[in-house]
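Structure, as structure tokens:
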Amino acid sequence: MVIFGGLLGLVGLATLVFRDGDVIGIPAAGIGATFLVLGAAIAGIGLVRRAKWKRKKERGEPVPVGDVFERARALPRLLRAAKTEGYAGVSGGRKALWLVALVYLISPIDILPDLLPLIGIADDAGVGVWLFTSVSTAAGLYLRQERERRGLPPS
């Protein structure tokens with residue numbers, strides 16, 4: 001989130017510095033300032049989440065394990081366990097949110113049309129980042145539980 005927020009902030013700053021004319025009838029300064037504030041807010045939320053993550057780890061609470069590839073390989077097992085074995089780490093509501101997010105990303109219908117420069121892509125990017133982090137975290141927690149069940153260190 002910190003990187004995504006930083007990128008949005010850079011887009012806002014670049015818009016403020018390099019753009020003179022209006023963008024789809026909105027003054028460039030307004031769009032630039034909006035992106036700058038939005039980017040700073042998202043980066044700030046990312047920093048807060050990172051600090052929470054660190055405190056959670058220090059308290060010994062379970063944190064996700066594995067790299068992106070291990071988590072991707074664990075995802076089918078996670079979904080199978082959630083469906084057949086009653087794995088409680090992923091609720092039905094969360095699976096429904098994942099499905100809605102996936103349909104939204106694939107669907108040609110958007111809240112903000114992609115024809116709008118930068119703004120139209122931002123909603124898709126936000127949903128995509130949320131979906132990726134949510135699925136990755138769930139898979140990492142499942143991978144941790146799998147390793148603990150087999151008596152392996154979570155590493």
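FYI, it's all coordinate maths here, none of it is from the lab. From a predicted model like this one, the values you see are computed outputs, not experimental measurements. Ideal geometry is used to build each Cβ from the backbone, glycine not excepted, and the neighbour counts take in all protein chains shown.
Things to note:
- Potential extension, Ile106-Arg73 segment - 0.36 nm per residue separation minus Cα distance: 9.6 nm
- Hull volume per residue, based on the alpha-carbon atoms of the chain and their convex hull, is 130 Å³.
- Extension gain for the segment Val37 to Asp124, taken as residue separation times 0.36 nm less the Cα-Cα distance, is 29.4 nm to one decimal.
- Helices in the chain that qualify as membrane-span-like (whole DSSP H runs, Cα extent of at least 20 Å along the helix axis, mean Kyte-Doolittle hydropathy of 0.0 or higher) are 2-18, 28-58, 92-106, 119-149.
- Among Arg50, Arg59, Arg71, residue whose mean-square fluctuation peaks in a GNM of the chain (springs only between Cα atoms under 10 Å): Arg59
- When the Cα positions of Gly140, Val23, Gly12 are compared along the charge dipole of the chain, Gly140 comes out farthest toward the positive end, with charges on each C-beta of Lys, Arg, Asp and Glu.
- Prolate/oblate/rounded label for segment 36-81 (Cα gyration tensor, a/c 1.5): oblate
- Taking the Cα centre of segment 32-155 as reference, the dipole from Cβ charges on Lys and Arg (+1) and Asp and Glu (-1) amounts to some 820 debye.
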